[in-house]
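Please treat every number below as a calculation from the coordinates, not as lab data. Just so we're clear, the structure is a prediction, and the values are computed from it rather than from any experiment. As a convention, Cβ positions derive from the backbone with ideal geometry for all residues, glycine included, and neighbour counts pool all protein chains shown.
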Amino acid sequence: MENKSHALKAGIFTLILLIATILAALWLNRDRVQRVQYEMATTLPLQGLNPQATVRYRGLDVGRVDDILFDPEVLGQILVRLSVKPDTPVTESTFGMLNYQGVTGIAFIQLDDDGSKPRRLSSSEGKVPRIPLRPSLLDNLQNKGLEILEQTQVLTRQLNTLFNPANQKTIMSAFENVSQAADKIEQVPKKLEPTLERLPALAAQAEKTLASISALSENAGERTDAVSSAVEYDTLPRINQLTNEARTSLHVLNRTLEQFNRNPQSVLFGSPAATPGPGEPGFAAPEK
């Protein structure tokens, strides 16, 4: 009996010691930091997010998820309550996204800031400040996947319409027309071969014609030089002589017309005798 009593006491002592050790460890490891409360309201799905999930700010561990519950004021909206370190730079432009850790699929809240409103986010009296929750990369991929699937369905219907029997006949007819046109284009070089073979002869004939034109031009130049010489040494002196005679005749005519203007009666009675000069008969000295 004494052995059983000692064994029972030893077991109870060991159990009490184990419980005390666990409680001491929990007390020593408890979070003594006073955290700031925030809240997220969203209608997005929160797959894998649980209370006590990690909250990170640009990759740094800054807090945890305290609770996840439905919003009693807005139907279908979910509230995610967070507690983060007081030195976390949460501003009015801070937002959250749902992220997943590695291949384990454990979800956590990732906080980030676009810097559009750098003023620090503060809580009002009796109301927890809210941080918007944006769609995650996975949500965007799901939405884009649905859009791509819808576009694929539309494209499939269009292809089915395009390749119906009637359109297939039209397409085959178009291919046949293109093939016939290609055959005609292939025949064009064959038709041009005789003309291309005659090009060297035509080029030689053109060179001969140009040589003849050049010789004619040289002959014409020589004749022009001869005519110019004849004009310069024969015709021009005669023209100059005639010009001088015409000038003399015009000068005599001008003098005659001038004399007629001064003495018109000279036409009937002739020109008056010239007044005698000194030493000539009939000269009379002027009276003083």
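So here's what we get for this one:
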{"quantity": "Gyration tensor (alpha-carbon) shape descriptor, the range 44-156, a/c threshold 1.5", "calculated": "prolate"}
{"quantity": "Residue-wise HN-Hα coupling along the range 107-120, computed from phi with Karplus coefficients 6.51, -1.76, 1.60 (Hz; x: Gly, Pro)", "calculated": "8, 8, 9, 9, 8, 8, 9, 8, x, 6, 10, x, 6, 5"}
{"quantity": "Reachable lysines, given that their alpha-carbon falls under 27 Å from the alpha-carbon of Lys117 and they are not under 8 places away in the same chain", "calculated": "Lys85, Lys127"}
{"quantity": "Radius 15 Å from Cβ of Arg58, net charge of other residues (Lys, Arg +1; Asp, Glu -1)", "calculated": "-2"}
{"quantity": "Theoretical FRET efficiency, 1/(1+(r/R0)^6), r = Cβ-Cβ of Leu18 and Gln101, R0 35 Å, to 0.05", "calculated": "0.60"}
{"quantity": "Straight-distance crosslink candidates among lysines, where the alpha carbon sits under 26 Å from Lys169 and sequence neighbours closer than 8 are dropped", "calculated": "Lys184"}
